[in-house]
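The values are calculated or read from the model by the stated rules, or taken from the named source; none is laboratory data. Everything quoted here is computed from the prediction, not taken from an experiment. Counting neighbours? That spans all protein chains shown, and the Cβs are built from the backbone with ideal geometry, glycine included. Note: areas computed on protein heavy atoms with side chains; ligands, DNA, RNA excluded. Shrake-Rupley method; radii C 1.70, N 1.55, O 1.52, S 1.80 Å.
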Amino acid sequence: MGNFRRVPVGIVGASGYGGVQLVRLLMDHPEVELVYLGGDSSAGKPFADIYPHLAHAVNLSVEAVDPEIIAHRCEVVFLSVPNGLACQIAPKLLEKGCKVLDLSADYRFNNLATYTAWYGKERQDTATAATAVYGLPELFRDRISEAQLIGCPGCYPTASLLALSPLLKQGLIVPETAIIDAKSGTSGGGREAKINMLLAEADNSLTAYGVARHRHTPEIEQICSHLAGHELTIQFTPHLIPMVRGILATVYATLRDPGLVRDDLITIYRAFYRNSAWVKICDPGTYPQTKWACGSNLCYIGIEVDPRTGRAIIMSAIDNLIKGQAGQAIQCMNIMMGWDETLGLPKLGFYP
């Protein structure tokens, strides 16, 4: 026991919702020590001034973002920053030997032209981007285990792809018929003040947004195309729902074999995710609720088949801040470091 050493980790962008989830989870992780919190707008502030409820547990201050200092102190770095910033920081950290997990969109795309088209930023880090691995462990566990740079998935893509992957991988649906209808709580919009997130605006209301142009669309399409073996276009519509945490994604797709029934799909899904501790397939006739996943790294999947329309209906529920963000990043870190995939992550949600 005398040789036990915790791995030093840091978070850039610690003051946002994703950052504070990382802090909470990493503070309880048995193999790591949180040694650095970074952020430009909050630099110099004690973390306890930003989140007073953590004053008894976190005595670090937020520091200016300096890759030299970060790399000197940390072996693993989480970048919980706005899109377009990680690509400026990650190459410097990787040069110094750090393992980097990017929670923004910067390293999710194989083709940087797609990133530029949807996010409006020209990129110069082509060589670095080529080394990034998409951080959805249930699909790319082996590649994650050998990676130095992870592009962690968005929250909507996580819920949507976990619902769709078995159907596409096994060739069970007509891929072009897939439609994703997804709903997220307000924390998915981050901590910055926005009029549409005000209680008076969001409460007692339900609205679609980013219709036919949401930035998570090409991310979903990229992985769906990989699974199907050819380029796919996916219809994806997100909605804002008046709650704080959680995503429910409902996927509709036409089955190739009209003879398939619900129990067939449940068997297929349970086999597909048999080695995935964080995916739970519901029993027949049980459909997941976001509340079940709240505070945990779990994804609950419910399955139905409508014999009248010949469609599969797959429902996927996650906590957007845990499995959809910070928890999944830590899950990836565990795999990168050769640790148990479930280490330091909440196995049960808060209920009710």
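Here are a few things to note about the model shown:
- Of all residues in region 44-65, those being without any contact (Cβ under 8 Å) to a residue 12 or more places away in the chain and either hydrophobic (A, V, I, L, M, F, W, C) or under 25 Å from residue 150 (Cβ atoms) (or both) number 2.
- Filter result (exposed (fewer than 15 other Cβ atoms within 10 Å of the Cβ) and of a type in the set (Ser, Thr, Tyr)) within region 273-288: 286
- Pick from region 197-227, criterion of a type in the set (Gly, Ala, Ser), in contact with a strand residue (DSSP E or B) (Cβ under 9 Å, 6 or more places away or on another chain) and more than 26 Å from residue 84 (Cα to Cα), ranking: least open to solvent (accessible area, probe 1.4 Å): 202
- Counted residues, region 38-63 - those being open to solvent by less than 60 Å² (accessible area, probe 1.4 Å), of a type in the set (Gly, Ala, Ser) and assigned to a loop (DSSP other than H, G, I, E, B): 5
- Screening 89, 144 for residues that are under 25 Å from residue 10 (Cα atoms), surrounded by 15 or more Cβ atoms within 10 Å (Cβ to Cβ), under 19 Å from the mean Cα position of the chain (by Cα) and of a type in the set (A, V, I, L, M) leaves exactly one candidate, 144.
- If only residues of region 92-138 that are at pLDDT 95 or above and of a type in the set (Lys, Arg) are counted, the one that is farthest from residue 151 (Cα to Cα) is 96.
- Put simply, of 217, 233 the only residue that is farther than 24 Å from residue 289 by Cβ, at pLDDT 95 or above, touching a Phe, Trp or Tyr at 6+ places or on another chain (Cβ under 7 Å) and not in a strand (DSSP E or B) is 217.
- When residue 71 is tested against (1) closer than 22 Å to residue 189 by Cβ; (2) at pLDDT 95 or above; (3) not in a strand (DSSP E or B); (4) not β-branched (Val, Ile, Thr), exactly one condition is not met: (1).
- Here residue 106 passes the criteria (1) open to solvent by less than 10 Å² (accessible area, probe 1.4 Å); (2) closer than 21 Å to residue 71 by Cβ; (3) in contact with a Leu (Cβ under 6 Å, 6 or more places away or on another chain) except the one numbered (3).
- If the condition is being buried (at least 17 other Cβ atoms within 10 Å of the Cβ) and under 30 Å from residue 204 (Cβ atoms), then region 228-272 contributes 236, 238, 240, 241, 245, 246, 247, 248, 249, 250, 251, 252.
- Among the criteria (1) open to solvent by 30 Å² or more (accessible area, probe 1.4 Å); (2) part of a loop (DSSP other than H, G, I, E, B); (3) farther than 24 Å from residue 146 by Cβ, the one residue 81 does not fulfil is (1).
- Residue pairs meeting the criteria (Cβ under 6 Å; at least 6 apart or on separate chains; first more than 22 Å from residue 93 (Cα to Cα), in region 111-134; second open to solvent by less than 60 Å² (accessible area, probe 1.4 Å)): 114/218; 118/218
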